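All of the numbers you see were taken from the coordinates with simple rules; none came from a lab. Predicted model only: the values in this text are computed from it and were never measured. No Cβ is skipped: glycine too gets one built from the backbone with ideal geometry, and neighbour counts run over all protein chains shown.
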């Protein structure tokens, strides 16, 4: 979301000759909705609107009070043109959310804003209508802020990267990644470092979510990096150990065990070294992670890409957790595998053809070590 927030002495919206909404002293917010906006972005924007300290408490404290502190009003006006992009002299709005979806999203935003504050203090215009907006800016004071992820990237730049005040917003962004199947390496590693630097803010639930998200981008090294950013005194947690063990299974490409764990068919042994004594907890742990199984299937395909030349369709299906023929065919097409023998076998790659020869040039010549060899005296032993 992109919001233009203005401190006003009064503001009003009219549609034609009809007054739709008006406020006295308070905030007028122009709201643009991005096509990728999520509920977490909405919550972030609402927190900003209600808690941003843009009102004076006194002449000595010009930026000390929020709209909530002073029990003031808010006028919200939808404005998709905030996501207009210039192509020469022509405007393009392709990054704005489509009207039908945006209408529902904006209605949810207003309802959430009223719930978070006082319904009688919230006024709005009319979505998708041609409106006249009368604003008397107080100051003038105008603030612009973006959706959660964009704001966070700005917030964690430079010396402000490890500001402990960023923890709550970073945690909210991690939650959004979980529910919206997104990933941002910079954000997940930053919050782990902040937990190291500020142990009183440590939240194991967020750490578990970060670790599971890094498993979803294997074979990248993000999972290993994330483990290194967790203090050793935290590693004894049974929940974290469970994720580490699951990661070891995936990193060793033991896909048969992984899919049994996910599908609840894993049978633990009675051995004291059994890693998964409570296998049902694995499925419960990854259930909230949207797109987890699909991400692992992508990882399996990348492993197959570098290890197989040809692979039979039944074996491929098993490695993909019992994937259907349609799903197997779709993944094979995506990775450029050629179907052979009426689709019973897939040709992956001729790895012999991709071997690159190397010429090894010795940098040390015999003459360079001749003097050294003459100084070495090795006693002859019988």
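Annotations for the structure displayed:
- Arranged from fewest to most other beta-carbon atoms within 10 Å of their beta carbon, 238, 221, 76 become 238, 221, 76.
- Distance histogram in 5 Å bins (all Cα pairs of the stretch 1-72, percent per bin): 3, 14, 20, 21, 18, 14, 7, 2, 1
- Relative contact order of the stretch 150-286, pairs being alpha-carbon contacts under 8 Å that are 6 or more residues apart, as %: 16
- With Cα atoms, 0 to 90° folded angle of helix 99-116 axis to the chain main axis: 70
- Shape of the stretch 27-143, Cα gyration tensor, a/c cut at 1.5: prolate
- Protection proxy ranking of 296-303, 16-23, by the mean of other Cβ atoms within 10 Å over each peptide's residues and highest first, is 296-303, 16-23.
- The mean sequence separation of alpha-carbon pairs under 8 Å and at least six residues apart, normalised by the residue count of the stretch 2-146, gives a relative contact order of 38 percent.
- Hull volume per residue, based on the alpha-carbon atoms of the stretch 158-270 and their convex hull, is 118 Å³.
- Mean sequence separation of contacting Cα pairs (under 8 Å, at least six apart), scaled by the length of the chain, corresponds to a relative contact order of 13 percent.
- Once the convex hull of all Cα atoms in the stretch 292-354 is built, its volume per residue stands at 75 Å³.
- Peptide packing for 202-213, 162-173 was compared via the average number of neighbouring C-beta atoms within 10 Å per residue; ordered from the highest value, the list is 202-213, 162-173.
- Helix 366-375 and the longest principal axis of the C-alpha atoms of the chain enclose an angle of approximately 70°.
- For the stretch 289-355 and the stretch 1-41, distance of Cα centres in Å: 50
- Extent along principal axes [Cα atoms of the chain; Å; largest to smallest]: 107, 66, 57
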